[in-house]
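Engineer: To start, I am sharing the structure in question, which I have written as structure tokens.
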Number of protein chains: 4
Amino acid sequence: MGKIRFGIIGTGNMGRMRIRNLHCRIPQSEVIAVCDMREAQVKAVQEEFGIPYGYTDCGEMLQNPEIDAVLIATGADAHKDQVVAACKAKKHIFCEKPLAKKVEDCLAIEEAVRENSDKCFTVGFMRRFDPSYAEAKEKIKNGEIGTPILFKGVSLDPSTVLDAHLEGVKNGIYVPWFIEMGSHDTDLARWFLEGDPEDCHAFGGAYVCKGLEEYDDYDNGFSLTKMDNGATAYIQVGRTATCSHVESEIVGTKGTIRVNSVPRKNYVSSFTEKGYVEECQEDFMNRWGDAFYNELENFVDCIENGRSPETTAHDGTMSLKFCQKLHQAYLDEK
Amino acid sequence: MGKIRFGIIGTGNMGRMRIRNLHCRIPQSEVIAVCDMREAQVKAVQEEFGIPYGYTDCGEMLQNPEIDAVLIATGADAHKDQVVAACKAKKHIFCEKPLAKKVEDCLAIEEAVRENSDKCFTVGFMRRFDPSYAEAKEKIKNGEIGTPILFKGVSLDPSTVLDAHLEGVKNGIYVPWFIEMGSHDTDLARWFLEGDPEDCHAFGGAYVCKGLEEYDDYDNGFSLTKMDNGATAYIQVGRTATCSHVESEIVGTKGTIRVNSVPRKNYVSSFTEKGYVEECQEDFMNRWGDAFYNELENFVDCIENGRSPETTAHDGTMSLKFCQKLHQAYLDEK
Amino acid sequence: MGKIRFGIIGTGNMGRMRIRNLHCRIPQSEVIAVCDMREAQVKAVQEEFGIPYGYTDCGEMLQNPEIDAVLIATGADAHKDQVVAACKAKKHIFCEKPLAKKVEDCLAIEEAVRENSDKCFTVGFMRRFDPSYAEAKEKIKNGEIGTPILFKGVSLDPSTVLDAHLEGVKNGIYVPWFIEMGSHDTDLARWFLEGDPEDCHAFGGAYVCKGLEEYDDYDNGFSLTKMDNGATAYIQVGRTATCSHVESEIVGTKGTIRVNSVPRKNYVSSFTEKGYVEECQEDFMNRWGDAFYNELENFVDCIENGRSPETTAHDGTMSLKFCQKLHQAYLDEK
Amino acid sequence: MGKIRFGIIGTGNMGRMRIRNLHCRIPQSEVIAVCDMREAQVKAVQEEFGIPYGYTDCGEMLQNPEIDAVLIATGADAHKDQVVAACKAKKHIFCEKPLAKKVEDCLAIEEAVRENSDKCFTVGFMRRFDPSYAEAKEKIKNGEIGTPILFKGVSLDPSTVLDAHLEGVKNGIYVPWFIEMGSHDTDLARWFLEGDPEDCHAFGGAYVCKGLEEYDDYDNGFSLTKMDNGATAYIQVGRTATCSHVESEIVGTKGTIRVNSVPRKNYVSSFTEKGYVEECQEDFMNRWGDAFYNELENFVDCIENGRSPETTAHDGTMSLKFCQKLHQAYLDEK
């Protein structure tokens, strides 16, 4: 089998990062086409990476028979139409998370994917491919903590992003945090606990950025969810932290696993007048670079070996539903 | 002013530990009387510590005019009558936590205490006097983390205690874990967040010790509470941990404080084939010895200097109410 | 057997701390006599603790036949005469470290102790009784790290003490740091490695407190010692740290044990703008309080049960010799 | 300026890793030639990476005028001739560490490099480019710890490599550990302390792998070095650790920086029956992948911008001399 030939839809930061990985670090793949509504952007990316085909129309790109696989790195609103079209064009599809912003879109994607079931489809919940999360999952599979009964997911952005976020909310670009950031932890909760949400409660508030309140948004959200198998998920999201702070804990009947309990920036620690200090993570790409790479490598490997990617369109749907339940619970209990 | 002369009611482990502290480590106090229904026990303790007066009847002891202060270290069911009697006898009173098992008893205590208001009264939520918790509170007071918006309290016993606990439950000795162990975290939540519970949700289950289920008890409980000032409390209790694990986190608008995030047994760490290992706390007294001592020293100091102890009978009432709300929430959502 | 009756020589901070422990926390012992050249001090201590006998002359105190054991908490220069006299008076003896400042004094003590060999004698290297060091030793005895081949001992005082130290050096009160602070690590090295120093090398300097140089003293000293059994000791002392920082590491052929690698002040940690912060130890007594208590309790237990204390006068001699070798190596290689 | 065109000498693991980085992750560079005595190997690498030129003779490759820069990834014995030839051919040169095994070879390299001084030359001490070490250096430059007075470098391999190592020693492939592994820490010591070794002492032994002794080799070496500026370096190397353990500490007059004090494998930690556990680093490439990449990127940037690489041939010479002094000190004091 030759190299898997990719067409990329979307040339923002994520799209270009994906191209870099496919192009440079995954020898079994190559990027032969790129698509973006912004023509200049298309040309720039073609030039930077030596990509032969450029498109401003997604439909057009999908007709290119040389393309084996499509990577969709556009905004969530655009995913449904692009996935459905790519399914019809019988491509393998890697779609960034969240799968969509509406459940009906997710369901339409699920259906299209079902009808293209001899091709690979996955949605990019990259945390599952972070070496630490992958190891945590492996340990749990091996029974090291018994049966998981509690997932605690904390995903916090530094407060430095607050102003820009408020602008985004005002402009209708950003969705509330349980839906945006929450998509990761809802997926992790389902993945680790192997269940779906049954009963959600959520509190929180716009404690620091009061302006969020009138948009039904908040800068901190705290939630508790009973899963349908009797386990529980505590999911906390926020945007007022001192660093980029994503940590998780899975409590089992026989032990507990933590991931990134202290979000250390690197291997440096210092003794200063303040005491013992470890600087913390600020750079999103630094933390998740390996995960982004690993999930793509895994996707290429699935195509090559006819394996089905573990993360399905249904996972995308269920994550969104879970997020919406958390956000609704917040609104109900406000 | 001479030494504060204490009479002790109850000579179990807690009572004797208290005597040791009053007798040996707090020079401004002395223990001159001890009371227990078990006469042999009374005599043994009198002898061990050289305590002049011994009683098997609490009322009798309270008539001893040499006694300035009473320390009540009996079971929670007995507290109400003893506190009320001690109030009538115009003694300073230190009552172990929980204040009582019924809210009506708490209220009766509150009333008696009000009528004895020129004497000191406190209830022994010793965690407030642990050097680390005290420092956390101090930092928060100093504004180091801004406004507290979330308290996370985790209190876990090692699974080694499970069988004995089930026996206790069967014999009606033990109350459910949100009420027993939860009393600490509910008090901490109120103390750190400076609010009272408004809306509680709780899940959990008898995951390991199935026998608990028929007693409406559980080996793990997870709860989320909205406080009346908009803050949130996550309280987790359990009895299936690998060690004695009590940790807390207070999240503020400007920073976060953790207490005992890794419950290290001591200062030893090892590199072994398993990796880097720190053994964990198993010994309750070892962890809280300083707290038990500090709170008693503080109580004696309050008496000496006419200060009112910070922890009031009302705190005892409110902690119990909070615990009951958590337990009820668990039952409601079961 | 009745209580062990102690006479205390020296009523400085150490002496009074020892009295508090013997008096209050070790029920098998009582302090019946206290001796200090300063009469007012003697009276004050007698009153504070209710000690019947007070002396300003050590020889006089030793004639008191009610005294079973003597605790010597004077300056190291005074130890020899006091120990020799106490041996002649057939007392059990607990002598603070260092045993003496001259090797000939140590040897005189060793001889006197030999002739009083049916009584207990020990020298107060309290670190051996710190719960963490004791556990480290136990683990090593149990073979958990194989054969120890390297001891690394780091003992640092905070730089806040530097000025006072220079004054002390100018006034001839303080000895160089390899001899003063080094006494602990030389003893630990011998204890953990079960060998004696054969070949010492040492560097360092008066990097911050230049004034020390003319007294052949230094604010940091770094040394490497080959032990006579082929193991190695790295001993580092200093007075310019950001906290009170005493850590040790024992490297074995199969694993490594560390003690107090991060000298955490307590159980608190914080997320601040600086990152993840753990405040560090500043209070000497806080760190070693348990050790001081445990070693005294062990000594009383030795007397009661006719056991020989593990730490001998010879250990005191060998520690001093080791310290002197380190200091001499520093001078030689300067 | 076009891309920097590289020719690679040596196609072992290091060479191929370098090609991957140049080829895939550094867009300003391309690999156009590869050289190895083993023809099949050359062809395989050419094919894998699409490299146009292949050589089995280094001199031949150096005559290719399209090549701007040469990366030498052969054994240390071969470095001198290759560097000298590459200098004569007026290429930029990146030479893996150690620079050579003999000081005279180093000096010959230094001279050749001087005569090719308008081209870039560097030697691959990659640790300097590890993000954590780079940050440590930056903090020190910024005065955060005052003047560095002590460097502690610990470089340990897991004991799992011992048998293979002994074989290598028997076959004359491996040099003693102070020279092999020590090259990193000697370079770091010089880099952080900004001085050169004046007086070295070293102990150690073949504690576990007795067979090393007859080759004047050892499985653990402990050394103390006085630098010519009054600072001190403690360098410890070993091959009997429980993991791949490389940690460093730089002590300054005002603070201390540590790098990788606990060599955590990833972000996972667990609570198990053993206690709190963090698995440790085993994979060399995992730990240093970023460093290998960063140093190469820096080298390419130096060429592009006419900057001189910080790490010079002289650094290579001085590191070797330092290593030899340590090894000689070990032999002298044996």
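Rule-based calculations on the coordinates, nothing more; no lab input. These numbers were taken from a predicted model, which means no experiment stands behind them. Cβ sites come from the backbone with ideal geometry, for glycine too, and all protein chains shown count toward neighbours.
Engineer: Under a 5 Å amide H to amide H cut-off, with H placed in plane at 1.01 Å, what residues pair with residue B:29 once short-range neighbours are removed?
Structural biologist: B:4
Engineer: Placing the label point 7 Å from Cα along the Cα-to-Cβ direction, what are the distances from residue A:301 to the equivalent spots in the other copies, shortest first, in nm to one decimal?
Structural biologist: Once sorted, the set of distances for residue A:301 reads 3.2, 5.5, 6.1 nm.
Engineer: Something else: State, as an integer percentage, the relative contact order of chain B based on alpha-carbon contacts under 8 Å between residues 6 or more apart.
Structural biologist: Relative CO of chain B lands at 20 percent.
Engineer: Once you average over the residues of C:142-151, how many Cβ atoms of partner chains fall within 10 Å of each Cβ?
Structural biologist: 3
Engineer: Within 10 Å of each candidate Cβ there may be at most 12 other Cβ atoms; applying that plus a DSSP loop requirement, which GluC sites (Glu not before Pro) in the stretch B:1-79 survive?
Structural biologist: Answer in residue order: B:66.
Engineer: Still on this structure, I have one more. Dimensions of the stretch C:4-119 along principal axes (Cα, Å, largest first)?
Structural biologist: 38, 26, 25
Engineer: Okay, next question. Neighbour counts of other C-beta atoms within 10 Å: give me A:99, D:224, A:331 arranged from fewest to most.
Structural biologist: A:331, D:224, A:99
Engineer: Sticking with this one: Can you grab the distance from the C-alpha centre of the stretch C:224-280 to the C-alpha centre of the stretch B:113-129, Å, no decimals?
Structural biologist: Value for the Cα centre distance between the two parts: 42 Å.
Engineer: Taking each label point as 7 Å beyond Cα in the direction of the beta carbon, state the distances from residue C:57 to the same residue in the other copies, shortest first, in nm.
Structural biologist: 5.9, 10.3, 11.6
Engineer: So the label point sits 7 Å from Cα along the Cα-to-Cβ vector; using that for residue D:12, what distances do you get to the other copies, in nanometres, sorted shortest first?
Structural biologist: Copy-to-copy label distances at residue D:12, shortest first: 4.7, 6.0, 7.0 nm.
Engineer: Still on this structure, I have one more. Using only helices, what value at 222 nm comes out for chain B when you add -39,500 (n - 2.57) per DSSP H run of length 4 or more and divide by the total residues, to the nearest 500 deg cm²/dmol?
Structural biologist: -12000 deg cm²/dmol, from helical runs alone.
Engineer: Counting only pairs 8 or more residues apart or on different chains, how many lysine pairs in the stretch D:4-119 have their Cα atoms under 18 Å apart?
Structural biologist: 10
Engineer: Ok, one more. State the extension gain, in nm to one decimal, for the chain segment bounded by residue C:64 and residue C:328, taking 0.36 nm per residue of separation less the distance between their alpha-carbons.
Structural biologist: Working it through step by step, the gained length comes to 90.8 nm.
Engineer: Which ³J(HN,Hα) values in Hz, rounded to whole numbers, follow from the phi angles of the stretch B:255-272 under the Karplus curve 6.51 cos²θ - 1.76 cosθ + 1.60, where θ = phi - 60° and Gly and Pro get x?
Structural biologist: Running phi through 6.51 cos²θ - 1.76 cosθ + 1.60 with θ = phi - 60° gives x, 9, 10, 10, 10, 6, 4, 10, x, 5, 5, 7, 8, 8, 9, 9, 9, 10 Hz.
Engineer: Sorting check: for C:146-157, D:73-84, which peptide has the highest mean count of neighbouring beta carbons within 10 Å, and how do the rest follow?
Structural biologist: Listed from highest to lowest mean packing, they are C:146-157, D:73-84.
Engineer: Also, quick follow-up: Calculate the spin-label point distance for residue B:28 paired with residue A:164, positioning each point 7 Å from the Cα along the beta-carbon direction, and give it in nanometres.
Structural biologist: 5.6 nm
Engineer: Enumerate the amide H contacts of residue B:206 below 5 Å, restricted to partners 5 or more residues apart or on another chain; note that Pro and chain-start residues carry no placed amide H.
Structural biologist: B:219
Engineer: Could you check what % of the DSSP bridge pairs in the protein assembly as shown are antiparallel, to the nearest 5?
Structural biologist: 55 percent
Engineer: I've got another one for you. Hey, which of these cross-link pairs are over 23 Å Cα-Cα: A:254/D:274; C:152/D:170; B:265/D:274?
Structural biologist: Beyond 23 Å between Cα atoms: C:152/D:170.
Engineer: Collect residues whose amide H, placed 1.01 Å from N in the peptide plane, falls under 5 Å from the amide H of residue D:199; neighbours closer than 5 in sequence don't count.
Structural biologist: Residues meeting the criterion, in which the H sits 1.01 Å from N, are D:226.
Engineer: Hey, another quick one. Rounded to whole Hz and in sequence order, give me ³J(HN,Hα) for the stretch D:135-147 from the Karplus expression 6.51 cos²θ - 1.76 cosθ + 1.60, θ = phi - 60°, writing x for Gly and Pro.
Structural biologist: 5, 4, 4, 4, 4, 5, 4, 7, x, 5, 10, x, 8
Engineer: If you average the C-alpha positions of the stretch D:172-220 and of the stretch D:2-51 separately, how far apart do those two centres end up, in angstrom?
Structural biologist: With the stretch D:172-220 and the stretch D:2-51 each reduced to a Cα centre, they are spaced 32 Å.
Engineer: Now a separate question. Averaged across the residues of C:155-165, what count of C-beta atoms belonging to other chains lies within 10 Å of each residue's C-beta?
Structural biologist: Partner Cβ neighbours, averaged per residue: 1.
Engineer: Something else about it: Residues of A:202-215, mean number of Cβ from any other protein chain within 10 Å of their own Cβ, rounded to a whole number?
Structural biologist: 3
Engineer: Please list 3J(HN,Hα) in residue order for the stretch D:175-183, calculated via the Karplus relation 6.51 cos²θ - 1.76 cosθ + 1.60 where θ = phi - 60°; whole Hz, with x for glycine and proline.
Structural biologist: For the stretch D:175-183, the Karplus-derived couplings read 9, x, 5, 4, 8, 6, 5, x, 4 Hz, x marking Gly and Pro.
Engineer: Under the 0.36 nm per residue contour assumption, what length would be gained going from the current alpha-carbon distance of residue D:215 and residue D:13 to full extension?
Structural biologist: 70.0 nm
Engineer: Of the listed peptides B:226-238, B:182-194, what is their order by residue-averaged count of other C-beta atoms within 10 Å, with the highest listed first?
Structural biologist: Result, highest mean Cβ count within 10 Å first: B:182-194, B:226-238.
Engineer: Mind giving me the FRET efficiency for residue B:88 and residue B:3? R0 is 41 Å, r the Cβ-Cβ distance, nearest 0.05 is fine.
Structural biologist: 0.95
Engineer: Would you calculate the separation in nanometres between label points at residue A:198 and residue D:43, each defined as 7 Å from the Cα along the Cα-to-beta-carbon direction?
Structural biologist: With each label placed 7 Å out from Cα toward Cβ, I get 6.5 nm.
Engineer: For chain C, take the longest principal axis of its alpha carbons; what is the angle in degrees between that and the long axis of helix C:284-305, to the nearest 10 within 0 to 90?
Structural biologist: 50 degrees
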